[in-house]
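Notes follow the structure.
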Amino acid sequence: MVEEIKRSTRKEREEWIKDANYNLFKLASDQVYIDLLTDSGTGSMSANQYAEMMTGDESYAGSKSYFKLKETIKELFNFDFMLPTHQGRAAENVLFSVLVKEGDIVPGNSHFDTTKGHIEIRKARAIDCTVMEAFDTQIELPFKGNICLEKLEEVLKEHQDRVPFVLITITNNLVGGQPVSLENIMRVRELATKYNKPVLMDSARFAENAYFIKIREKKYNVHSIKEIVREMFSFVDGMLMSGKKDGICNIGGFMAMHSEEWYEKASVFNIIYEGFITYGGLSGRDMGALAIGLREATEFSYLETRIKQVEYLAKKLDRYNIQYQRPSGGHAIFIDAKKILTSVKKEEFIAQTLAIELYLECGIRGVEIGTLLADRDPITRENRYPKLELLRLAIPRRTYTNNHMKVVAKALRNVYKRRHQITKGYIIKYEPSLLRHFSVDLAPIGAITKEIPAIKNEIEVHRED
Ligand SMILES: *Cc1c(COP(=O)(O)O)cnc(C)c1O
């Protein structure tokens with residue numbers, strides 16, 4: 001699909017972002033020129049996907065489109081049991097309703113925000129075991145998304161009876177769309193088996209991860225993406241999937257597993273939360289589009305084009321000396337905001353400040369992966385300051401051209417040139433008690449006045465006058 005995108009003036013953007021309380025999620029899409037907020041559900045579907053939608057079977061139970069999706073999942077990932085859901089987080093909700101209980105501990109590599117939300121809302125805890133190297137953006141390593149095996153073993157040893165499963169996220173989104181190697185997946189499996197724990201894959205970008213394995217893990221170079229995918233999933237007990245990423249769909253998701261017991265228990269939750277087990281909140285045509293999307297996403301030529309576009313933007317940034325998480329990741333570039341805005345304090349949301357500046361500069365919408373996203377500690381309610389303050393520029397699949405990437409790079413260069421004038425960040429006016437980044441309201445430091453109404457919220461809010 002092709003749609004019009006609108007240019008705007010700086011003055012218009014200044015007003016719009018103020019009205020949006022400096023939260024880019026609150027902008028209307030036509031106030032955005034190039035939208036790199038997310039690669040989730042924003043890709044362009046193919047002619048074959050649209051053709052499949054025309055023959056979508058909308059039967060409540062046992063639709064043909066469901067069986068197409070089920071067969072595709074069996075073929076690609078080799079799971080016998082699957083449940084469709086309306087998107088990835090719904091799969092988390094359903095499966096964690098079966099597997100996670102109060103007091104549990106879920107080790108993994110940089111749990112995704114909704115995944116962490118679904119763990120914490122059950123009064124359980126996510127422990128990040130990502131390798132240390134991931135937190136230095138300038139170290140160039142092929143698999144910075146890996147799980148640190150020593151850290152994982154420590155957690156498994158210390159909390160043996162409280163760990164329901166180990167969660168591997170591919171690619172590791174929060175540290176920059178960095179891949180996990182097959183070697184690492186195997187080692188995690190071995191460790192989990194030693195402690196008698198299942199392993200789940202949070203697989204939103206599994207195809208991009210397979211591409212990196214093919215390109216960077218010598219042994220697998222001769223294998224097709226589909227073979228590598230089969231191999232990756234042969235080491236795990238189940239998967240959670242957001243079809244909005246490597247399913248190249250506008251909506252959709254699923255969970256899949258070997259265990260019939262998990263499937264039966266999850267079916268009950270799927271029915272109450274999502275819909276009957278053969279549609280799970282999706283229309284038949286959505287399931288059809290997802291089945292085709294999964295196949296297309298595992299074609300090498302598609303993946304190569306996509307990842308090379310991300311690299312194209314990265315190379316432009318190299319020329320302008322703008323630092324980002326190296327090497328460039330699968331779906332996005334993660335700008336190292338701390339290295340650019342050196343005078344903004346961490347309490348003032350460094351990456352968010354950079355995101356706002358880029359929007360003001362040229363109407364480009366990125367997203368903060370920093371302190372706002374990291375949220376507060378569920379127990380102490382203190383801000384959690386992550387090691388990295390990143391501005392993520394996520395690139396929708398099959399949507400923008402390299403010319404758009406040129407505009408993005410130049411806009412960033414302009415912000416970079418005036419970086420020394422950007423010395424102040426933002427403070428929080430309002431925040432909800434969970435997943436605050438979606439709905440937080442901010443105000444520029446200095447502009448803050450006594451007029452801001454008191455925060456009616458059950459949680460303590462950090463303030464600075
Ligand atoms: C997007 C994503 C999810 C959640 O999926 P939604 O479809 O957005 O609900 C979970 N985990 C990872 C790694 C993701 O990227």
**Request:** Of the conditions (1) outside any helix (DSSP H, G or I); (2) touching a residue at least 24 places away in the same chain (Cβ under 8 Å); (3) over 23 Å from the mean Cα position of the chain (by Cα), Leu191 clears all except one; give me its number.
**Result:** (1)
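The rows are residues; the columns are (1) closer than 22 Å to Arg326 by Cβ; (2) open to solvent by 10 Å² or more (accessible area, probe 1.4 Å); (3) touching a residue at least 24 places away in the same chain (Cβ under 8 Å).
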{"residue": "Glu154", "(1), (2), (3)": "no, yes, no"}
{"residue": "Pro164", "(1), (2), (3)": "no, yes, yes"}
{"residue": "Val180", "(1), (2), (3)": "yes, no, yes"}
{"residue": "Met186", "(1), (2), (3)": "no, yes, yes"}
{"residue": "Pro198", "(1), (2), (3)": "no, yes, yes"}
**In the range 47-69, residue least open to solvent (accessible area, probe 1.4 Å) [restricted to those that are farther than 15 Å from Gly293 by Cβ and part of a helix (DSSP H, G or I)]** = Tyr66
**Complete:** The residue from Leu388, Leu360, Leu354, Leu373 that alone is in contact with a Lys or Arg (Cβ under 7 Å, 6 or more places away or on another chain) and not hydroxyl-bearing (Ser, Thr, Tyr) is Leu360
**Message:** Whether any residue in the range 274-294 is open to solvent by 10 Å² or more (accessible area, probe 1.4 Å), part of a helix (DSSP H, G or I) and under 20 Å from Ile225 (Cβ atoms) is what I want to check.
**Reply:** yes
**Request:** Among the numbered conditions (1) closer than 20 Å to Leu191 by Cβ; (2) open to solvent by 10 Å² or more (accessible area, probe 1.4 Å), tell me where Gly103 comes up short.
**Result:** (1)
**Request:** Identify the residue in the range 230-258 that is within 15 Å of the ligand (Cβ to nearest atom) and of a type in the set (D, E, K, R) and, among all such residues, is least open to solvent (accessible area, probe 1.4 Å).
**Result:** Asp246
**Qualifying positions in the range 345-358 - open to solvent by less than 10 Å² (accessible area, probe 1.4 Å) and in a loop (DSSP other than H, G, I, E, B)** = Phe349
**Prompt:** Do you know which residues across the range 192-228 are more than 16 Å from the ligand (Cβ to nearest atom) and either among the polar types (S, T, N, Q) or under 24 Å from Glu92 (Cβ atoms) (or both)?
**Reply:** Ala192, Thr193, Tyr195, Asn196, Lys197, Pro198, Asn221, Ser224
**Prompt:** Which members of the range 390-426 meet the condition of being free of Cβ contacts under 8 Å to residues at least 60 places away in the same chain and within 16 Å of Gly330 (Cα to Cα)?
**Reply:** Leu391
**Prompt:** So how many residues does the range 74-88 have that are touching an Asp or Glu at 6+ places or on another chain (Cβ under 9 Å) and within 16 Å of the ligand (Cβ to nearest atom)?
**Reply:** 5
**Message:** away from the ligand (no atom under 15 Å from the Cβ), β-branched (Val, Ile, Thr) and not assigned by TED's automatic domain parsing to the domain that holds Leu373: is that true of Thr137 in this structure?
**Reply:** yes
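The values are calculated or read from the model by the stated rules, or taken from the named source; none is laboratory data. Only a predicted model underlies this, so the values are computations on that prediction, with no experimental measurement involved. Glycine also receives a Cβ, built like all others from the backbone with ideal geometry; neighbour counts cover every protein chain displayed. Just so you know, the surface numbers come from the protein's heavy atoms only, side chains and all, with ligands and any DNA or RNA stripped out. Shrake-Rupley method; radii C 1.70, N 1.55, O 1.52, S 1.80 Å.
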